[in-house]
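Scroll down for the structure; my scribbles are underneath it.
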Amino acid sequence: MTRRDRRRGARTPAAMTALAALAIGFVLLPFAGLLQRAPWSDLGAQFAEPGVRDALGLSISTAASATALSLVLGVPLAWLLARTTFPGRALVRALVLLPMVLPPVVGGAALLFALGRRGLVGQWLDQWLGIRLPFTTAGVVVAETFVAMPFLVVTVEAALRGMDRRYEDAAATLGAGRWRVFAQVTLPLIGPSLAAGAVLCWARALGEFGATITFAGNLQGRTQTLPLAVFEALERDRGAAIALSLVLVAVSLTVLALLRDRWFAVS
């Protein structure tokens, strides 16, 4: 192939470029509208509102709690899916990843029917332990974990499948037990992917809306997170809604910028 042929093959068709530019514009236009309507001079006053501070603080704390719970449950689950073979593993993986594509409202309804006061398990939690999850801050954490944990699982599972297991074998040969190998060899090797999965999980939990409002409600200071506060503010205070939206956009953009290509490399 001549240099001229290579240049011709690398040339992007005009129609493809035009459609790509249209797609970029389609994505950027809503954010441009948001920035254009932002009350820049009043942002400080908007963030000083008690409802905004409550929603921001609750969102940060519940997202962090959901991420911690996802790490405790999701890492062993990812290891199980990546390292073991058992009947129905493909079905289990599909069910674990289902919240990623399931409408969040449906997930919230499922949580309500399972963990509500009259739910499949919730009725026993209420009768035996006095635990009531719906319309509580703990319910927010449960809803966020349900929708966010799959992002951690899929990232960590991919890292476990792709790592060089010879280091684990060498450690085991030298006498290290399974837990020591996992803690001192496996976790450090998948550390960057684990961190990426945790950050994605936290960002997804921070932005969760449908499952939260369905399962935990929208109670200021108790279950009203940032997305729920945006939804409520759209009806009474557009400035506050835009200010809160800017926070969520900034957080999401920062997460994507920090992760760069890591998400695409491991998924």
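Grouping the Cα pair distances of region 154-215 into 5 Å bins from zero gives a pair-distance distribution of 4, 17, 20, 17, 12, 10, 8, 7, 4, 2, 0 percent in increasing distance order. Annotation: Cα Rg of the chain relative to the compact-globule expectation 2.2 N^0.38 Å equals 1.23. Counting other Cβ atoms within 10 Å as a rough exposure proxy, the listed residues Val75, Val92 run Val92, Val75 from fewest neighbours to most.
With the simple spin-label model, which puts each label point 7 Å out from Cα in the Cβ direction, the Ala172 to Gln123 separation comes to 4.6 nm.
Calculated mean residue ellipticity, 222 nm, the chain: -23500 deg cm²/dmol, from DSSP H runs (n ≥ 4) at -39500 (n - 2.57) each, averaged per residue and rounded to 500. Once the convex hull of all Cα atoms in region 126-267 is built, its volume per residue stands at 135 Å³.
When the convex hull of its Cα atoms is viewed from all sides, region 176-260 shows a mean projected area of 7.7 nm². Let me test this: with uniform point scatterers at the alpha carbons of region 100-210, what is the Debye-based log₁₀ I(q)/I(0) at q = 0.12, 0.22, 0.24 1/Å? For the requested q values the scattering log ratios are -0.60, -1.05, -1.17.
For region 1-119, how big is the tail of P(r) above 19 Å, as a whole percent of Cα pairs? Within region 1-119, distances greater than 19 Å cover 77 percent of Cα pairs. Using C-alpha pairs under 8 Å with a sequence gap of at least 6, the mean separation divided by the residue count of the chain gives a relative contact order of 28 percent.
Other residues within the sphere of radius under 14 Å centred on the Cβ of Thr173, judged by their own Cβ, net out at +2 (K and R +1, D and E -1).
Read the figures in this text as sums done on the coordinates, not as results from a lab. In this text the structure is predicted, and so the values were computed from the model without any measurement. Neighbour counts are summed over all protein chains in view; Cβ atoms, including those assigned to glycine, are modelled from backbone coordinates with ideal geometry.
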